[in-house]
Structure formats: C-alpha cells, structure tokens
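Have a look at the structure below, then the notes.
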Amino acid sequence: MKFNENIIGKIAEIEGVSKENILKGLRSGEIAIPYNKIHSPMHPMAIGTGLRTKVNANIGTSKEFSDLSQELEKVEICLKNKADAIMDLSVGGNLDEIRQAVINASTLPVGTVPIYQAAIESGSIEKMTADKMFNVIEKHARSGVDFMTIHCGVTRALIKRISGKTRIMDIVSRGGAFLYRWMTVREKENPLYEEYDRLLEIAKKYDVALSLGDGMRPGSIADAGDMLQMGELKVLGKLAQRARKAGVQVIIEGPGHVPLDEIEGQVKLEKKICNKAPFYVLGPLPTDIAPGWDHLTSAIGGSLAAAAGADFLCYVTPSEHLGLPSLSDVREGIIAARIAAHIGDIVKGVKGAKDWDIEMSKARKALKWEKQIELSIDPATASEIREMRSVREKTDTCTMCGEFCAMKVVSEANKRKK
C-alpha cells in the first residue's frame, strides 16, 4: 500500500501527532485516509485510532426534490460549519452531473453509495446485473470519489434468516434493501460479496477507501445486537482482513438504533471482530421516539460511541425519518454531530480536546464575551444570542444574572480580599 507523504505530513500536523504514528496506523489498518488523487481534496482527513473523531454530512437529491443548486449550497454549509467529509446520496436527477458537481465543489473527501445509481440506471432493482454494479463502482472511482459505501456483508445465508417476524423493522438500509430484493428475486448470491476480489481491484486501482456498509443495521432499538446485525459484522471482519492483505483501505460501518446501555459494548465488539478497523456509525440513536429532534438523539448516542472508540460519526438531521433535509437541517446536523465528536474526544484523550474547554472556562471566568464566542463550536449562533439578549447599555455581564453574575460577585470579593 503506497501513501502520499505530503498528505501524511499535512494530516500529522493537523492532528498534532507524528508522521510515524499515522504511517503505523495505515499499515495496521487502524487508520484510513480517504483520498482519491483524481479528486485530491484540499482538506484531507484521517480516520482512526488516536485521532480526532470525524463527522460526515449526507447530502443528495431525491426523485421528489432534485435541485443541484440547493445541493451545492449544502456543500457550502458543510464547509462553513467544519464537517470533515460529505456523502452524496442522490437518487434523483442527473446522477453523474450531481456527483461531479459535488466533487468539484468540495474541498473535503466525498463518499457515495454506487448501488443506488446502478439500480436506477437499470430501470429496476431486479434488472441490475453484477457487471452493472461493478461498472458503476468504477465510474464513481474514476470521477474522483474518495470513499464508497459497499454492502458486501448482506449475504444469502443472512437474508434466509429474515422471516417477517425476525425483527420489528426488517431492513432499514436502502443499499441493504436493494440487495435483499435483488437476491430474493434472482435467487443468487450478492455479487459484491461473491466477487469481492473484483471490488478490491477497483479500489486499489484508484486508491478508494471502502466503507463496508451495514446493510443489516437495526432501525429499532428492539432489533439492536440481533443475529442479523452480528452475523453481518462477522462477515465484514473477514472482508476487512482480505482488504488489508490486498492493500486496500477499509472502514467498517455500524448502527443504527441502539439502546444507550448497549452502545459501548457494540463499539468495542466491532473493534475486536474487525481488528481495530476505523468504525463509522450512523448516530447511534438510543431512542426511536424523537422525529424532528433526532439530531439531538443522535448526538447523545454519538458522544457515547465516540468515547467508546468510534472514529467517524455520520450526522443525523432534524429531518431524519421525516423527509429530505433542508439547508438549516444540514447545518444543525453538523453542529450536533461535532459536539458529540468533541465530547468523545475529551474522554479518549485526543490531543487538544480538553484544552479547548479549559480555554472557554477561562474566558467565561474573565467575562470575555468576544473570546467565548470565538471559542464556541458555533460562533454565529453564540454571537446572535448574545446580541439579541443584551441590554442596550454595554455591560460585562449577560441578561440572565446581570449584577448578580456569580463570576462578577466572586471577582469583586476577591479584589477586596487583596
């Protein structure tokens, strides 16, 4: 496996670790750098052990709402609000045009799920051929995609266990559902599993990182940790080993909806089964009852997952389970996921994480409002609230406590002691 020395040096500087640590993690498979030289993202990232927890933002069109200009606005929001990666999940409009426009506009690594396009261009899921799947995968790689979600772990052996009563939610992964239907109708094995070496050849040719998709992830907390989820995870662990031997970078995708008390155990189990491969989680969401607020649900689960060792959080927006996210939804999803990632980084002891909080605490004690806003994870919102809630006369306190501000009272008392 060859690595770009300049990129490794840049990432080491950003992360505050040595190049040797990055190289060691790349060789062991504990770190992945999604970086397609055709795209060459200006802001590369590394995912894995000892590094800052990263955040991905999903964008993309649907058949009901296909507006490229709006998706490009979402790219700008991702950049402005410091997401680490973007995934284009488009299923409506000119998919090649949309994907290329997103890649061209993004200075962050870009990911896709090629099976969506393969199914759409085939006219139906059932009409897809193995060649079509692999041809679309290569087309995405050739266009500059840095990482791809590929659902290799959805096998015939696993889907035979689905009876309609096995789970409350059956399959909630769109890619997993596509393959379930394809295999059920065709009565054939998943080509992405059966012809895995063919996939590895494409990934190695373009140096695309494979994100091994969790097609059997639980969509209800009642389904978490069941035989389907665990069965797929075991398959992914073996496939990750084969990818490493072939010189291909790999990431493992995970749940999903998981009760709070099971999140830590699931993260640690993934790390054990997949030999510490970078773990990419959607959420997780520890409750199912908060549509409209699932960015908060996800942040709660994501912070615990990150603290337990998850390396990459896929954001969840307020629109999750309800509809295509708006521009404001994308922004709120990113901020919520970044907060979760940072909370996890404090627990993991990531360099500089706790120092950020200490600096904020010092600024609060000194009533340095501009410094507090500068240090906040979302300066725009902090500044807006400060401005809206301020009194007309400039003061060093806020309108919550005013002259009774604890910091001010104690500070003045300390001055008198001197």
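Here are some notes:
- Any hit, segment 216-232, residues being surrounded by fewer than 17 Cβ atoms within 10 Å (Cβ to Cβ), more than 20 Å from residue 306 (Cβ to Cβ) and free of Cβ contacts under 8 Å to residues at least 60 places away in the same chain: yes
- Members of segment 165-179 that are out of contact with any Leu (no Cβ under 8 Å at 6 or more places or on another chain) and closer than 20 Å to residue 225 by Cβ: 165, 168, 169, 170, 171, 172, 173, 176
- Checking each residue in segment 18-30 for being closer than 22 Å to residue 252 by Cβ and in a loop (DSSP other than H, G, I, E, B) picks out 29, 30.
- Looking only at segment 146-173, residues that are closer than 25 Å to residue 321 by Cα and surrounded by fewer than 17 Cβ atoms within 10 Å (Cβ to Cβ) come to 7 in all.
- Only residues that are of a type in the set (A, V, I, L, M) and either under 20 Å from residue 354 (Cα atoms) or surrounded by fewer than 19 Cβ atoms within 10 Å (Cβ to Cβ) (or both) were counted across segment 27-45, and they come to 2.
- Matching residues, segment 267-306, being of a type in the set (Gly, Ala, Ser), buried (at least 20 other Cβ atoms within 10 Å of the Cβ) and modelled with pLDDT of 95 or more: 277, 298, 299, 301, 302, 303, 305, 306
- Yes/no for residue 211 being polar (S, T, N, Q) and buried (at least 24 other Cβ atoms within 10 Å of the Cβ): yes
- Qualifying residue in segment 134-145 (condition: under 21 Å from residue 102 (Cα atoms) and either modelled with pLDDT under 95 or in a loop (DSSP other than H, G, I, E, B) (or both)): yes
- Scanning segment 172-202 for residues that are β-branched (Val, Ile, Thr) and under 28 Å from residue 244 (Cβ atoms) yields a total of 1.
Residue-by-condition table, conditions (1) touching a residue at least 60 places away in the same chain (Cβ under 8 Å); (2) more than 25 Å from residue 235 (Cα to Cα); (3) among the basic types (Lys, Arg):
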residue	(1), (2), (3)
64	yes, yes, no
74	yes, yes, yes
93	no, yes, no
109	yes, yes, no
122	no, yes, no
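- Scanning segment 356-391 for residues that are at pLDDT 90 or above and polar (S, T, N, Q) gives 361, 372, 376, 381, 383.
- Residue within segment 35-50 that is touching a residue at least 12 places away in the same chain (Cβ under 8 Å), within 23 Å of residue 281 (Cβ to Cβ) and among the aromatic types (Phe, Trp, Tyr) present: yes
- Taking segment 305-336 as the range and being over 22 Å from residue 45 (Cα atoms) and part of a helix (DSSP H, G or I) as the test, the residues that pass are 327, 328, 329.
- Qualifying positions in segment 101-132 - of a type in the set (Ser, Thr, Tyr) and surrounded by 17 or more Cβ atoms within 10 Å (Cβ to Cβ): 106, 112, 116
- Checking each residue in segment 230-256 for being under 19 Å from the mean Cα position of the chain (by Cα) and not small (Gly, Ala, Ser) picks out 233, 236, 249, 250, 251, 252, 253, 255.
The values are calculated or read from the model by the stated rules, or taken from the named source; none is laboratory data. Being a predicted model, the structure only gives us computed values, none of them experimental. Glycine gets a Cβ as well: all are built from the backbone with ideal geometry, and neighbour counts include every protein chain shown.
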